[in-house]
Amino acid sequence: VRMGEMVEKNRVHLMRLLDRLIQCFYMSGDTRMPLTIFRSLNWTKKYGYCDFSSVAVATTGMMVTGILGDLRNGSEFGEKALVLQLRCRKPITEARTALCTNVFLFSWTKPTHSLLKPLLRGYDVGLETGDTESAMWAIYFYMEFNCVLGQSLDLLYADLVLYDKQMEDLDRVQALRISRLFREMVASLM
């Protein structure tokens, strides 16, 4: 990924607004979400990268994977998103980038055990930056992948209890609902 940094402050602010708009469109199921993602990607290509570019590239990769079924190219978008994330001045989108790339892109093309450390990093940086939504989803998928890899059910259950409490304290309702279902499944297997 060879490009310069986005220098125009107004453009960076607009990228931040597009990023928030993408999140709103996702939550509301609005069909304009892909158009907004492509606008962010287009501005990144045209004007350079900023702190919000890595998410635009990663979510484009998610569409390539999910809609077109092209796992290899989706994963390549993920790799490019991580390169852009390393260039960012602030880690404000690092947790979401880690979540998108490691759960929705690399899980198809890389060994599952290689995704654990980046998801833990996404959890940590999400808590540090206040992106608790991405942090809680990152830790949820970390536990789910550990289950797939054969972690002891006793240890997994203890982790789920701990992180469910944290999800509840942080009011991350959607992640908590899924995590509680997962915990019930683990309890029934025990």
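The values are calculated or read from the model by the stated rules, or taken from the named source; none is laboratory data. Values in this document were obtained by computation on a predicted structure and should not be read as measured data. In this analysis, Cβ positions are derived from the backbone assuming ideal geometry, glycine residues included, and neighbour counts consider all displayed protein chains. Surface accessibility is based on the protein's heavy atoms, side chains included, excluding ligands, DNA and RNA. Shrake-Rupley method; radii C 1.70, N 1.55, O 1.52, S 1.80 Å.
Out of the total accessible area of segment 1-148 (probe 1.4 Å, heavy atoms of protein only), what percent is carbon and sulfur?
Working: 4460 of 7710 Å².
Its accessible area is 58 percent carbon and sulfur atoms.
Under 11 Å from the Cβ of VAL186, count the other residues' Cβ atoms, weight Lys and Arg +1, Asp and Glu -1, and hand me the total.
On the way: positive: ARG180, ARG183; negative: GLU144, ASP154, ASP159, GLU184.
Around VAL186, the surrounding residues sum to -2.
Say R0 is 25 Å: what FRET efficiency, to the nearest 0.05, do ALA187 and ASP124 get from their beta-carbon distance? Please report the intermediate quantities before stating the final value.
Details: r = 27 Å, r/R0 = 1.09.
So the FRET efficiency works out to roughly 0.40.
Tell me, what HN-Hα J-couplings in whole Hz come from the Karplus equation 6.51 cos²θ - 1.76 cosθ + 1.60 at θ = phi - 60° for each residue of segment 169-176, using x for Gly and Pro?
Residue by residue, segment 169-176 yields 4, 8, 6, 9, 5, 5, 4, 5 Hz.
With a Förster radius of 35 Å, plug the Cβ-Cβ distance of VAL148 and ARG87 into 1/(1 + (r/R0)^6) and report the FRET value to the nearest 0.05.
Efficiency computed from Cβ-Cβ geometry: 0.65.
Using the alpha-carbon centroid of each, what span in Å lies between segment 18-32 and segment 113-136?
Comparing the Cα centres of segment 18-32 and segment 113-136, I get a distance of 22 Å.
Determine, for the chain, the count of lysine pairs separated by eight or more sequence positions (or lying on different chains) whose alpha-carbon distance falls under 24 Å.
Lysine pairs, 8 or more places apart or on different chains, close enough: 13.
Could you give the radius of gyration (one decimal) and Dmax (whole number) of the Cα atoms in the chain, in Å?
Reported Rg and Dmax, both Å: 17.0, 56.
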